[in-house]
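Encoded as structure tokens, here's the structure I'll be asking about.
We did not get these values from a lab; they are worked out from the coordinates using the rules stated. Quantities reported herein were computed from a predicted structural model and do not represent experimental measurements. Every residue, glycine as well, gets a Cβ built from its backbone with ideal geometry; the counts of neighbours run over all protein chains shown.
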Amino acid sequence: MQKENILITGSNGQIGTVLSQKLIEIYGYDNVLTTDIGHIDNIHGRFEKLDIMDVGHFKEIIHKYRITQIYHLASLLSAKGEKDPMFTWNINLNGLLNVLNLAKDNNINKIFFPSSIAVFGETTPKLNTAQDVPLLPDTVYGIGKVTGELWCNYYSKRYDMDIRSLRYPGIIGYQSLPGGGTTDYAVDIFHKAVKHEKYNCFLEKDTMMPMMYMDDAIHATIMLMEAPKEKIKLKYGYNIAAFSFTPEDIYLEIKKYYPDFEIEYNPDFRQKIADSWVKSIDDSKAREDWAWKPEYTFEHMVESMIRHLRAIYKEGEPTLS
Ligand code: SER
């Protein structure tokens with residue numbers, strides 16, 4: 001079997017932090033290179049500072065570490081992306097094109113591109129949303145994910161490359177903090193509850209969105225990447241799903257553990273973004289093609305988040321990315 005050397009971009013991010021550790025666990029310390037634009041001390045793996053827009057340096061790193069696979073996680077999320085659309089477009093889309101072109105010319109045999117529920121938009125059916133539906137996203141982040149999927153599909157076919165992609169729902173984990181997303185509230189709310197503070201929610205109480213526990217998201221990513229190539233029928237983002245809930249649903253579930261927990265709803269510009277996405281996802285294609293199935297239910301996720309965060313806060317304020 002060929003020895004794989006994996007490079008992760010955006011390894012300091014919400015998913016990158018956890019995925020990097022998992023990849024190191026599976027493939028070994030010497031076979032995983034974590035990279036990000038700045039260094040933080042929460043990843044215990046080999047690290048190189050890398051700006052994905054610096055193609056020359058990127059290429060040097062690929063050669064130096066004999067990289068064979070890239071997990072390209074570096075990007076700006078939906079809410080932050082709206083602050084500067086052109087900058088976001090440049091990083092999210094041209095950053096991906098840098099990865100695809102470098103991969104094509106430098107013997108990279110597998111690439112992972114994270115897509116998102118942000119591909120969906122106004123014209124998409126909102127309930128049990130199927131794999132192939134109209135996509136008309138309202139955010140620059142969503143436009144980047146739709147076009148990113150199209151470029152992945154194009155490069156897969158045109159250059160016979162092995163590029164795999166998932167449309168992540170909102171991801172909830174205790175290991176890291178998200179930054180700049182619309183689904184971030186579903187992580188922030190736990191931190192407030194465990195610290196016995198009131199939560200000020202930036203969405204309306206009845207805003208339903210598809211979500212998933214971090215462990216399942218990591219599991220889905222590894223399953224997709226390790227599946228035999230012939231099982232990966234889609235060369236663009238697979239729908240994956242676990243559960244859907246509203247801010248009020250999660251508040252009431254957390255209240256079972258913290259009866260005094262209080263919430264206030266003060267929706268801001270992120271409400272429009274959340275409303276443009278869908279409420280629930282049909283992921284039967286991923287289930288059929290590579291046997292995807294989530295493990296965590298909504299209740300199980302809440303229990304696990306609270307248990308882990310209690311342990312983390314007992315040690316003091318967490319130093320999360
Ligand atoms: N979780 C992301 C966000 O809220 C969507 O992929 O921006």
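Hey, got the dipole for segment 178-233? About the Cα centre, +1 on K and R Cβ, -1 on D and E Cβ, debye to the nearest 20?
On the way: 7 positive and 9 negative charges, 6 e Å.
Computed charge dipole of segment 178-233: roughly 40 debye.
Also: What does the charge count around VAL302 come to, taking other residues whose C-beta lies under 9 Å from its C-beta (Lys +1, Arg +1, Asp -1, Glu -1)? Mind showing how you got there, number by number?
Numbers: positive: LYS256; negative: GLU253, GLU299, GLU303.
Charge balance near VAL302 sits at -2.
Using the Karplus curve 6.51 cos²θ - 1.76 cosθ + 1.60 with θ = phi - 60°, work out ³J(HN,Hα) for each residue of segment 169-186 in order, rounded to whole Hz, and write x for Gly and Pro.
Once θ is set to phi - 60°, the couplings for segment 169-186 become x, x, 10, 10, x, 8, 6, 8, 10, x, x, x, x, 8, 8, 4, 4, 6 Hz.
Continuing with this model, one more query. On C-alpha positions alone, give me the angle between the axis of helix 298-314 and the longest principal axis of the chain, in degrees, nearest 10.
90 degrees
Based on Cβ point charges of +1 for Lys and Arg and -1 for Asp and Glu, what charge dipole magnitude is obtained for the chain about its Cα centre, in debye rounded to the nearest 20? Could the numbers behind the result be given before it?
On the way: 36 positive and 44 negative charges, 167 e Å.
In debye, rounded to 20, the chain gives about 800.
Related question: In sequence order, what are the phi-derived ³J(HN,Hα) couplings for segment 158-163 according to the Karplus relation 6.51 cos²θ - 1.76 cosθ + 1.60 with θ = phi - 60°, rounded to whole Hz, with x for glycine and proline?
The phi angles translate into 5, 10, 6, 9, 9, 10 Hz.
Let me ask something else about it. Give, as a single signed number, the net charge of other residues whose beta carbon lies under 12 Å from the beta carbon of SER276, with Lys and Arg counted +1 and Asp and Glu -1.
Values: positive: LYS126, ARG270, LYS272, LYS279; negative: GLU82, GLU122, ASP138, ASP275.
Value of the local net charge: 0.
Within a 10 angstrom radius of the beta carbon, how do TYR257, TYR238, TYR71 rank from fewest other beta carbons to most? Before the final figure, lay out the partial values.
Working: TYR257 16, TYR238 22, TYR71 27.
Sorted ascending by nearby Cβ count, the order is TYR257, TYR238, TYR71.
Here is a follow-up. Once you keep just the Cα pairs under 8 angstrom separated by 6 or more residues, what percentage relative contact order results for segment 216-321?
Contact order relative to length: 44 percent.
Still on this structure, I have one more. Give the percent of DSSP beta bridges with both residues in the chain that are antiparallel, rounded to the nearest 5. Intermediate results must be reported in sequence, preceding the final value.
Working: 3 of 32 bridges.
Expressed as a percentage, antiparallel bridges in the chain total about 10.
Let me see the P(r) profile for segment 273-321: every Cα-Cα distance counted, bins of 10 Å, each bin given as a percent of all pairs.
Percent of pairs per bin, in order: 18, 26, 34, 20, 2.
Go ahead and estimate [θ] at 222 nm for the chain from helices alone: -39,500 (n - 2.57) per DSSP H run with n ≥ 4, summed, over the residue count, rounded to 500. Spell out each step's value before the answer.
Numbers: 12 runs with 126 residues, N = 321.
That calculation yields -11500 deg cm²/dmol at 222 nm.
Projecting each Cα onto the charge dipole of segment 10-125 (Lys/Arg +1, Asp/Glu -1 at the beta carbon, about the Cα centre), which of HIS44, PRO114, ILE26 comes out farthest on the positive side?
Checked the options; the winner is ILE26.
Next up: Can you give the local net charge around LEU234? Use residues other than it whose beta-carbon is closer than 13 angstrom to its beta-carbon, Lys and Arg +1, Asp and Glu -1. Can you show the working numbers first?
Numbers: positive: LYS157, ARG164, ARG167, LYS229, LYS231, LYS233, LYS235, LYS285, ARG287; negative: ASP132, GLU149, ASP162, GLU230, ASP283, GLU288, ASP289.
Taking every other residue near LEU234 into account, the sum is +2.
Pairs to check: LYS145/LYS233; LYS145/LYS231; LYS22/LYS80; LYS3/LYS233; LYS59/LYS272. Give those whose C-alpha atoms are more than 29 Å from each other in this structure. Write out the running numbers ahead of the final one.
Working: LYS145/LYS233 19 Å; LYS145/LYS231 23 Å; LYS22/LYS80 27 Å; LYS3/LYS233 25 Å; LYS59/LYS272 39 Å.
The answer is LYS59/LYS272.
Moving on to the next point. Which aspartates and glutamates have a Cα less than 16 Å from the Cα of LYS229, not counting those fewer than 8 places away in the same chain?
Cα-Cα hits under 16 Å: GLU4, ASP160, ASP162, GLU288, ASP289.
How do ARG158, ARG66 line up, fewest other C-beta atoms within 10 Å first? Don't skip to the answer; put the middle values down first.
Details: ARG158 9, ARG66 13.
So the ranking, lowest neighbour count to highest, is ARG158, ARG66.
With 10 angstrom as the radius, rank SER244, SER284 by how many other C-beta atoms surround their C-beta, starting from the fewest.
Values: SER244 20, SER284 14.
Going from sparsest to densest Cβ surroundings: SER284, SER244.
Any idea what the alpha-carbon Rg over 2.2 N^0.38 Å comes to for segment 1-132? Spell out each step's value before the answer.
Numbers: Rg = 15.8 Å, N = 132, 2.2 N^0.38 = 14.1 Å.
Segment 1-132 yields a ratio of 1.12.
When the dipole is taken about the Cα centre of segment 1-125, and only Lys, Arg (+1) and Asp, Glu (-1) are charged at their Cβ, what size is it in debye, to the nearest 20?
Numbers: 11 positive and 13 negative charges, 61 e Å.
In total the dipole reaches around 300 debye.
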